[in-house]
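So the structure is just underneath, and the comments pick up after that.
The values are calculated or read from the model by the stated rules, or taken from the named source; none is laboratory data. Small disclaimer: the values here were computed from a predicted structure and weren't measured. Glycine gets a Cβ as well: all are built from the backbone with ideal geometry, and neighbour counts include every protein chain shown.
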Amino acid sequence: MLNRKNKLLLLKLLSLFSVVRGYNILVIVIAQYLASIYILSPNLPLRKVVFDINLFLIVLASAMVIAGGYIINNFYDAEKDLINKPHKTMLDRLVSQRFKLSAYFILNFLSALVASYVSFKAVLFFSSYIFGIWFYSHKLKKVPFIGNFVSSTLAIAPFFVVFVYYRNFETVIFVHAMFLFLLILAREMIKDLENIAGDIAQNYKTIPIIFGEKVAKTLIGILILLTLIPSLLLILKFDVGYMYLYFIGCIFLLLLFLVLLFRSDSKRHYVLLHNILKLIIIAGVFSILLINLDVVLNRIL
């Protein structure tokens, strides 16, 4: 049995994990490695990619910057989240704001230090990434559409740095990136619909607040329709192995999403739509394995 002190410590660890969204970071780390193996360097031996120390340091630095980003975002959104996510916020508040800020600065310093072992260019990239996250959280988040666009750009930055590291400029990679970017942008705009109450209370100028929910839904619908273009290209034009099955599934899910979107009129509905897009993104990470299923089966068998 845990005593009171140990229970409090465990709750604080859970609180910190909630603040930095450790589950999201884990998915991003897995996605970076799978993208490196199956998309960015398909001709390199598996062992050479997995045990590449520079790739490991890039992924580690990315994880620390993202964790720091979640912390500073949580810091600026504390009052808004108390309205939009009361249960999560109560857990997050078990860790003091002072501790969160200390962790933020330590994580950012360590990420720059880790990046310095790769190259000076890596330090510049991660320093810019850190500044971009802070500037977004401090200023741009409250600017309609620009905030959504910058947030989506920052979300795919960890994949951009790996892409630059391997210097693979094939068209199929840009099509994959566009598919992911459009999904994330649509998801960011769904979150604005989901969080209207807190955004109004904190004077955020989001698209649903300024132009109304109908306009926001129309813009999201356009983004989803645009997402179908890279999906179809990846099915019909490029060799993505058995991952074409994932994109076929995505098309059906996105069409269902469109139907539900224009029937939605409450936070509960918007949470469901948010979760559909999250499911598509997470499923996409693990579907990367389908690009070369023979390699996976050979490793298992």
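Descriptive notes on the structure:
- Qualifying positions in region 245-264 - touching a residue at least 12 places away in the same chain (Cβ under 8 Å) and either part of a loop (DSSP other than H, G, I, E, B) or crowded, with 18+ Cβ neighbours inside 10 Å (or both): Tyr246, Phe247, Cys250, Leu254, Phe257, Leu261, Phe262, Ser264
- Per this entry, Thr171 is counted among residues that are surrounded by fewer than 17 Cβ atoms within 10 Å (Cβ to Cβ), among the polar types (S, T, N, Q), at pLDDT below 95 and at negative phi.
- Flag if Leu154 is touching a helix residue (DSSP H, G or I) at 6+ places or on another chain (Cβ under 8 Å), buried (at least 19 other Cβ atoms within 10 Å of the Cβ) and within 19 Å of Ala283 (Cα to Cα): no
- Here Tyr166 meets the list (1) buried (at least 19 other Cβ atoms within 10 Å of the Cβ); (2) in contact (Cβ under 8 Å) with a residue 60 or more places away in the chain almost entirely, failing just condition (1).
Rundown of residues vs (1) modelled with pLDDT of 90 or more; (2) surrounded by fewer than 19 Cβ atoms within 10 Å (Cβ to Cβ), yes/no style:
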residue	(1), (2)
Lys5	no, yes
Val19	no, no
Val27	yes, yes
Ile37	no, no
Phe56	yes, yes
Ala61	yes, no
Met64	yes, no
His87	no, yes
Ser102	no, yes
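- Members of region 213-231 that are exposed (fewer than 15 other Cβ atoms within 10 Å of the Cβ), over 14 Å from Leu185 (Cα atoms) and either β-branched (Val, Ile, Thr) or in contact with a Phe, Trp or Tyr (Cβ under 8 Å, 6 or more places away or on another chain) (or both): Val215, Ile229
- Inside region 99-125, residues that are part of a helix (DSSP H, G or I) and either farther than 21 Å from Tyr76 by Cα or small (Gly, Ala, Ser) (or both) make up a count of 15.
- Selection count, region 24-52, where residues are over 15 Å from the mean Cα position of the chain (by Cα) and of a type in the set (Gly, Ala, Ser): 2
- Checked against (1) free of Cβ contacts under 8 Å to residues at least 60 places away in the same chain; (2) surrounded by 21 or more Cβ atoms within 10 Å (Cβ to Cβ), Met178 passes all but a single condition, namely (2).
- Single unsatisfied condition, Phe169 versus (1) out of contact with any Pro (no Cβ under 7 Å at 6 or more places or on another chain); (2) within 20 Å of Val285 (Cβ to Cβ): (2)
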